[in-house]
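Trainee: Once you've had a glance at the structure underneath, I'll fire off some questions.
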Amino acid sequence: MKRFRVEAGRLGRVWRLSKDALLLSGAVSAAACTGALDSPTGMNPSAGGASAQGGSTGIGGSAAGAGAVAGGGSGPVDTGLPGRSLIRRLSNVEYDATIKALLGDATSYASAFPTDSVVNGFTNNTDVQDVAPALAEQLLIAAEKVAAKAAQNPDALLGCKLADGDACIQTFIERFGKRAWRRPLDAVEREDLLGVFRAGSTSHGAVVGFKLLLEALLVSPSFLYRVEVGTPMGSEPYTALTSWEVATRLSYFLTGTMPDEALFTAAAADGLRTPEGIAAEAKRLLATPAAREQVASFFSGWLNLRAVERLERDKAQFPQWSSTLPPLLMAETRAFTTQVVFEGAGDLKTLLTAPYTYGDPTLAALYGGTAGPAQNGIARIDLPPAQRAGLLTQVSFLATHAKEIQTDPVARGKFVRERILCQGIPAPPPELMISAPEITPGTTTRQRFVEHEANPVCATCHTLIDPVGLAFENYDAAGAWRVEEQGRPIDASGDLTSTDVSAPLNGVVEMATKLAQSEMVSECFVRNWFRFAFGRGEGDEEAARIGTLATEFRSADDKVLELMVTLTKSPDFRYLAKQVP
């Protein structure tokens with residue numbers, strides 16, 4: 001909360017220095033700048049009757065099984081209490097999606113923002129979402145641009161005549177403000193915003209007043225942040241989120257944007273205070289096109305695929321590569337994950353082992369696969385089952401986790417350990433000079449990487465990483481299947497150690513089958529969804545909670561959509577831990 005107040009104040013100071021702030025002098029400065037940005041006005045989470053909402057069942061009604069022991073055995077106990085609470089800023093992607101949903105404006109304003117930091121593959125991690133001065137300035141510029149465009153035809157957005165003055169504007173503030181701030185505005189907030197309009201209108205006309213009103217709404221922390229305070233639960237060490245706050249959590253988790261009208265209606269009826277009410281809306285949202293995009297976004301982050309469309313390869317060395325290929329690869333993984341999750345088996349095992357993918361004739365030829373009938377240019381492609389199995393053998397993943405002209409067993413093996421198994425790999429000593437073994441004629445990558453075993457400084461970590469990464473050696477730096485390197489046969493043998501499915505293996509197809517049987521993998525998958533859903537890393541105290549969620553995930557046959565619904569019913573989704581003063 002302290003950091004939030006600091007950042008809100010920073011936005012306020014920048015706004016007061018911006019050119020339009022020259023219009024907001026005197027009383028308007030107090031109403032718009034101080035009110036909307038520095039004071040509780042403009043970020044009043046209790047507005048909209050939060051304290052009057054009732055019906056919460058308390059944490060005892062959690063679907064996550066309060067008091068259960070993670071994994072069903074001995075170990076940390078899931079207390080059922082929510083983990084740490086953070087105030088989340090809209091990510092760049094969420095900002096653009098919200099502007100589009102709110103105003104019908106599909107312009108990518110966030111493309112001018114500083115790039116969001118990536119943690120565990122995701123760009124929504126609250127711990128690194130500070131508003132630096134450069135971002136604050138761009139947020140203000142974006143608000144000006146959005147407002148200027150809307151002000152070209154104000155009556156279309158107002159739903160009434162701007163010429164009608166205060167009567168029209170008051171109705172607009174109440175209706176549009178509730179959507180923009182994702183909760184009803186209180187009387188003080190409405191009066192402050194009306195003051196912004198009046199001051200701008202008096203000095204420069206009604207259109208300028210309308211434009212400044214929109215800017216005030218869009219630079220408010222109540223728009224830029226997902227502010228949550230909740231309803232006190234007496235002496236309990238937590239507070240219950242209001243239905244408005246739950247609606248916002250649901251929408252951004254499942255669809256990546258602001259609540260739709262049906263979700264706002266459920267919030268207004270206080271229908272999001274029980275697991276059953278939340279689950280009903282979660283299932284409805286998961287049936288929308290936006291949910292497919294959100295699921296695809298999760299897999300893109302989980303697999304570290306954000307750089308796919310920027311990949312380049314030397315066409316002389318990799319003749320199958322072209323400048324038109326990267327977008328097809330991204331579309332392939334997007335189509336595969338959404339088809340499996342929403343139309344197919346829907347489970348983690350299929351995602352890891354399916355001997356098929358989805359794409360166009362170019363991809364079918366790339367894989368040497370057989371394409372079925374196409375729908376909208378996309379067809380199911382049956383792949384050579386001895387060569388391909390699920391996400392880890394898709395070209396998008398393989399090329400991303402490789403160097404420009406050679407494979408990268410370390411990157412591939414480290415990914416499996418850290419992102420598929422959630423095993424921490426210690427950072428190398430800072431004084432260690434790290435470089436890939438030089439390519440020498442007549443030697444394979446495996447032969448070059450033997451030096452990792454000989455160097456005791458490297459061996460500790462690389463005995464975990466390399467036997468996994470070298471199992472990928474049948475795939476070159478562009479993801480193509482190969483059986484030899486430098487004229488020598490490929491050895492793709494490996495060893496999956498320190499897991500619950502430990503065994504020697506030969507190649508990734510065999511490894512994918514093993515990983516799909518692992519409870520460690522299913523729990524790690526749940527852990528990554530937890531990070532994505534809550535926009536933060538998990539604490540040590542939440543190991544039992546994730547274990548409980550993983551047990552439920554396995555009992556639901558590892559169905560991804562069931563996991564997403566289960567997360568929305570968990571204590572972490574419905575409650576806030578009380579802040580320590």
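Each reported figure results from applying straightforward, stated rules to the coordinates on display, with no laboratory input. Quick caveat: nothing in here was measured; it's all calculated off a predicted structure. Here the Cβ is made from the backbone with ideal geometry for all residues, glycine too, and neighbour counts use every protein chain on show.
Trainee: Grab the other residues whose beta carbon is less than 13 angstrom from that of Gly104, score K and R as +1, D and E as -1, and report the net.
Mentor: +1
Trainee: At what distance in angstrom do the alpha carbon centres of segment 533-561 and segment 217-264 lie from each other?
Mentor: 22
Trainee: Right, next: When a footprinting reagent is the concern and you count Cβ atoms within 10 Å, what order do Ser117, Ser297, Ser323 take, fewest first?
Mentor: Arranged by neighbour count, lowest to highest, Ser117, Ser297, Ser323 become Ser323, Ser117, Ser297.
Trainee: If you don't mind, there's one more thing I want to ask. For Ala262 and Ile405, what is the calculated FRET efficiency with R₀ set at 45 Å and r taken between the beta-carbons, to the nearest 0.05?
Mentor: The calculated FRET efficiency here is 0.30.
Trainee: How far is it, in nm, from the label point at Ala134 to the one at Lys149 when both lie 7 Å from their Cα along the line to the Cβ?
Mentor: Simple spin-label model gives 2.4 nm for this pair.
Trainee: Just to confirm a number: summing +1 for Lys and Arg and -1 for Asp and Glu over residues other than Trp302 whose beta-carbon lies under 10 angstrom from that of Trp302, what do you get?
Mentor: That works out to +2.
Trainee: 5 Å is the cut-off here: which amide hydrogens, built 1.01 Å from N in the peptide plane, fall below it relative to Ser85, excluding neighbours closer than 5 in sequence?
Mentor: Amide H neighbours of Ser85: Ala577.
Trainee: Take the Cα of Arg554, step 7 Å along the line toward its Cβ, and report every residue of segment 512-537 whose backbone nitrogen sits under 11 Å from that point.
Mentor: The answer is 517-524, whose backbone nitrogens lie closer than 11 Å to the label point.
Trainee: Okay, moving on. Go through Lys349/Lys569; Lys178/Lys283; Lys283/Lys559; Lys149/Lys211; Lys349/Lys414; Lys161/Lys211 and tell me which ones have a Cα-Cα distance over 19 Å in this structure.
Mentor: Lys349/Lys569; Lys178/Lys283; Lys349/Lys414
Trainee: Step through the residues of segment 236-241 one at a time and calculate ³J(HN,Hα) from phi using the Karplus curve (6.51 cos²θ - 1.76 cosθ + 1.60, θ = phi - 60°), rounding each to whole Hz and writing x for Gly and Pro.
Mentor: 5, x, 8, 10, 8, 5
Trainee: Taking the Cβ of Ala379 as the center, what net charge do the other residues with Cβ under 14 Å away carry, scoring Lys and Arg +1 and Asp and Glu -1?
Mentor: -3
Trainee: Still on this model: Name the long-range amide H neighbours of Tyr358: under 5 Å, sequence gap of 5 or more, or other chain; modelled H, no Pro or chain starts.
Mentor: It is Phe336, Ile381, by chain and number.
Trainee: On to the next question. Give me, ordered by chain and number, the residues 5 or more places off Thr257 or on other chains with an amide H under 5 Å from its own placed amide H.
Mentor: Tyr252
Trainee: If you take the C-alpha gyration tensor of segment 510-581, multiply each eigenvalue by 5 and take the square root, what semi-axes do you get, largest first, in whole Å?
Mentor: Ellipsoid half-lengths, sorted descending, are 25, 13, 10 Å.
Trainee: Using the Karplus curve 6.51 cos²θ - 1.76 cosθ + 1.60 with θ = phi - 60°, work out ³J(HN,Hα) for each residue of segment 542-548 in order, rounded to whole Hz, and write x for Gly and Pro.
Mentor: 9, 4, 5, 4, 5, x, 5
Trainee: Where the centre of each part is set by its Cα atoms, how far does segment 176-199 sit from segment 334-369, in angstrom?
Mentor: 47
Trainee: Name the lysines eligible as straight-distance cross-link partners of Lys315: C-alpha to C-alpha under 26 Å, and not fewer than 8 places from it in the same chain.
Mentor: The reachable lysines, counting only those whose Cα sits under 26 Å from Lys315, are Lys403.
Trainee: Just to check I understand the Karplus step: with θ = phi - 60° and J = 6.51 cos²θ - 1.76 cosθ + 1.60, what whole-Hz values come out for segment 477-489, glycine and proline as x?
Mentor: Residue by residue, segment 477-489 yields 5, 9, x, 7, 6, 9, 10, 8, 9, 6, x, 10, x Hz.
Trainee: How big is the dipole moment of segment 127-265 about its Cα centre under a simple scheme where the beta carbon of each Lys and Arg is +1, that of each Asp and Glu is -1, and everything else is neutral? Debye, nearest 20, please.
Mentor: 360
Trainee: Within a 10 angstrom radius of the beta carbon, how do Cys160, Cys524 rank from fewest other beta carbons to most?
Mentor: Ascending Cβ contact count within 10 Å gives the list Cys160, Cys524.
Trainee: Return the distance in nm (one decimal) between the two label points of a simple spin-label model at Ser502 and Gln317, each offset 7 Å from Cα along Cα→Cβ.
Mentor: 3.6
Trainee: While we're here: Report the label-to-label distance for Ala106 and Ser493 in nanometres (one decimal), using points 7 Å from each Cα along the Cα→Cβ vector.
Mentor: Spacing of the two 7 Å Cα→Cβ label points: 5.5 nm.
Trainee: Order by neighbour count: Ser300, Ser111, Ser396, fewest other Cβ atoms within 10 Å first, most last.
Mentor: Ser111, Ser300, Ser396
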